[in-house]
Structures are given as C-alpha cells and as structure tokens.
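*Asks:* So that we are looking at the same thing, I have put the structure below in structure tokens.
The values are calculated or read from the model by the stated rules, or taken from the named source; none is laboratory data. If you're wondering where the values come from, they're calculated on a predicted model, not measured in any experiment. Quick reminder, even Gly has a Cβ in these numbers, built from the backbone with ideal geometry, and neighbours come from all protein chains shown.
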Amino acid sequence: MTANYGYEQKSKGGGNGYEQKSTAAPNNYYPSATYAAAPSKQTVAVGKDGLKFTPDNIYAKIGDEIEFQFFPKNHSVVQSSFANPCNPLEGAIFSGFIPSTGGAASQTFTIKVTTDKPIWLYCGALKPMPHCASGMVAAINAPATGNTLEAFRGLAMKTNSSTFPGAVSGGTLNGQAPPPPAGTALASSAPPPPPPPPPAATSEVPPPPPPAASGTELATFVPPPPPAATASGVPPPPPANGTVPIGNGSPTATTTDGIVLSTGAASSLVARTGAIGGFFVVFVGFML
C-alpha cells in the first residue's frame, strides 16, 4: 500500500489522478473535566427604593458572598424562618442597625452562603412602622413554587411587629468580624497564672508578752519567825534596830526596862517587841 500523505486517488482521467484531501482531525476541543464557576459576590441595596431590598429574590451558590449596602434612614438584615417571619432564628444572621443620612452608608454587611436551602430575610426596624410588616423582606434561593418569596411576604404583612437579636452575627461588617456582645468573655488558650507561693518560713521567736502594768502586783505579808528561847527562859534583848520612830521622826531614848521615850517636841508612838512563852507582847509607850 502506498501512502498518499493526504491525497486521495481518483479514477477520473486527466492529471496525475490524485486530488488533495485533508485527513487531519477536525479542530474540536473536548474538556476532560467539568470545572465549577468561581465564587461570586453580589450586592443588595437595603432601603434604596423605599421599604424593600433591591433585589429581593436572590440566587446564589454555596461559597458566594452577598454584600448589603444600607440607605436612609436606618435599616438592618435579620434571618427568620419561613413560618415565623419578622422574628429571628436562633443564631440568626443579623447586621445590626446601620443608619444613613444620605446615600449608601459607609458601613456594609457581608455574608457567605453556606447552604443551598432557602434563607429568609427581613428588616427589623420599627419606625415609623415595622418594616417587616410593611413587606420589607427578601429571600436567597427561594423556591419558584410553594414557599415562594411572595408567600413569605404575605405572611410577614399579616404581623404587626418584629423583633431582632441582641448582637451582630452571621457576617462581617466592612470586612471585620463583629465584636462579641458586651460582657462576653473571650476564650484564651493561655493557661491560667499559677497561684502565689506560700509565705516563707521564718525562725524568728515571737516576742514575750508585755509585763503587767505597774501597781497590779499584790504584796504578801510574811510574819518574821519568833525569837528563839534561851536556856534561862529570859527573852533575848531586842535587836539594835528594834526601835522604830513613828510620827515626825523625833529623837528617842530607850530606858532600862525597854520603854521607849520620846524627847522631841512632837509626840511619837513607839513599839517594843518581846517574847513571853513564844508569843508576841507589844508594849505601847505613852507620851511623856
């Protein structure tokens, strides 16, 4: 077999009997895999066209971001259930109230879609009338039939009030995560500080108690022992200091019989002691 290199032989006469014909494969590209589109970001105006979200029926896939811009006067974004509009779910999306005096507020609120199920939203402002009860609602991925956005709006307009959470959650304000509610303690991975060390032992001896106050001691009288008896039974003579002046301290003289006489101008009473049969005998001198 002879290769024709892209030429096909014809039976028609004339020429060399060959007609050029391309045998190359057609220029068609068939991808080997299907690639999902990159996450996108959508913008929703809150209150730009009155008491409504623009757009209010939003379709987004998981991973997409939705940024809410706020217009006068004061609006919010709150998540509810379909059956209970105008009241927040537990752990609901909540932007907080973002006021504006003219045009779009400088602050925005952005959420990331994490489910393909419907997300029901409303504005929680109450003045001059409850915005949710006025029909200011929106939905992300609402069904086309059954629980539609318009059905949700109809339920909201049957209410006469609305509530909202106490703290921002479920999104970011201007790219910053919302702060925790006031009084919420932040978890920390740092261990608690160690307890303080016990006081160091000391060798100091406690001071003795203070002495008793002066004048509190009680004097105890102990009588002197009786003089020893002699062999003759005669008491020994009184000691040299046996005379005691009493009174003004006038000079005294002692007689041979043991009587103490006062020779001063003032009278004195003097005592002399003796021992008879082991007993004390007190002789009292009288004034001369």
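*Asks:* How many residues are among the small types (Gly, Ala, Ser), part of a loop (DSSP other than H, G, I, E, B) and farther than 13 Å from residue 72 by Cα if we restrict to segment 113-142? Before the answer, list the steps.
*Replies:* To start, the set of residues in segment 113-142 that are among the small types (Gly, Ala, Ser) comprises 124-125, 133-135, 138-139, 142.
In the following step, the residues that additionally are part of a loop (DSSP other than H, G, I, E, B) were identified as 124-125, 133-135, 142.
Right, trim to farther than 13 Å from residue 72 by Cα and you get 124, 133-135, 142.
Selection size over segment 113-142: 5.
*Asks:* Examine segment 23-32 for a residue that is modelled with pLDDT under 95, assigned by TED's automatic domain parsing to the domain that holds residue 146 and loosely packed, with under 10 Cβ neighbours inside 10 Å, and state whether such a residue exists.
*Replies:* Going through segment 23-32, the residues modelled with pLDDT under 95 turn out to be 23-32.
Subset that is assigned by TED's automatic domain parsing to the domain that holds residue 146: none.
No: zero hits.
*Asks:* Restricting to segment 99-129, give me the number of residues that are buried (at least 22 other Cβ atoms within 10 Å of the Cβ) and either over 19 Å from residue 64 (Cβ atoms) or not assigned by TED's automatic domain parsing to the domain that holds residue 158 (or both).
*Replies:* 4
*Asks:* Now for a different question. Filter segment 135-163 for residues that are within 23 Å of residue 45 (Cβ to Cβ) and at pLDDT below 95 and give the result.
*Replies:* Hit for segment 135-163 is 162, nothing else.
*Asks:* Now for a separate question. Do we find that residue 201 is modelled with pLDDT under 95 and either in contact with a strand residue (DSSP E or B) (Cβ under 7 Å, 6 or more places away or on another chain) or among the small types (Gly, Ala, Ser) (or both) in this structure? Give the derivation first.
*Replies:* Values: modelled with pLDDT under 95: yes; either in contact with a strand residue (DSSP E or B) (Cβ under 7 Å, 6 or more places away or on another chain) or among the small types (Gly, Ala, Ser) (or both): yes.
Judged against the criteria, residue 201 is a match.
*Asks:* Cβ contacts < 8 Å: first residue assigned to a loop (DSSP other than H, G, I, E, B), restricted to segment 90-101; second residue of a type in the set (D, E, K, R), any location; separation 6+ or different chain. Result?
*Replies:* Listed pairs, sorted by first residue: 100/73; 101/73.
Yes or no, residue by residue, for (1) in contact with a Gly (Cβ under 8 Å, 6 or more places away or on another chain); (2) assigned to a loop (DSSP other than H, G, I, E, B); (3) of a type outside the set (Ser, Thr, Tyr):
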residue	(1), (2), (3)
61	no, yes, yes
67	no, no, yes
82	no, yes, yes
104	no, yes, yes
111	yes, no, yes
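*Asks:* Take residue 148 and tell me if it is out of contact with any Gly (no Cβ under 7 Å at 6 or more places or on another chain) and without any contact (Cβ under 8 Å) to a residue 40 or more places away in the chain. Give the derivation first.
*Replies:* Numbers: out of contact with any Gly (no Cβ under 7 Å at 6 or more places or on another chain): yes; without any contact (Cβ under 8 Å) to a residue 40 or more places away in the chain: yes.
Considered against the rule, which asks whether it is out of contact with any Gly (no Cβ under 7 Å at 6 or more places or on another chain) and without any contact (Cβ under 8 Å) to a residue 40 or more places away in the chain, residue 148 comes out as yes.
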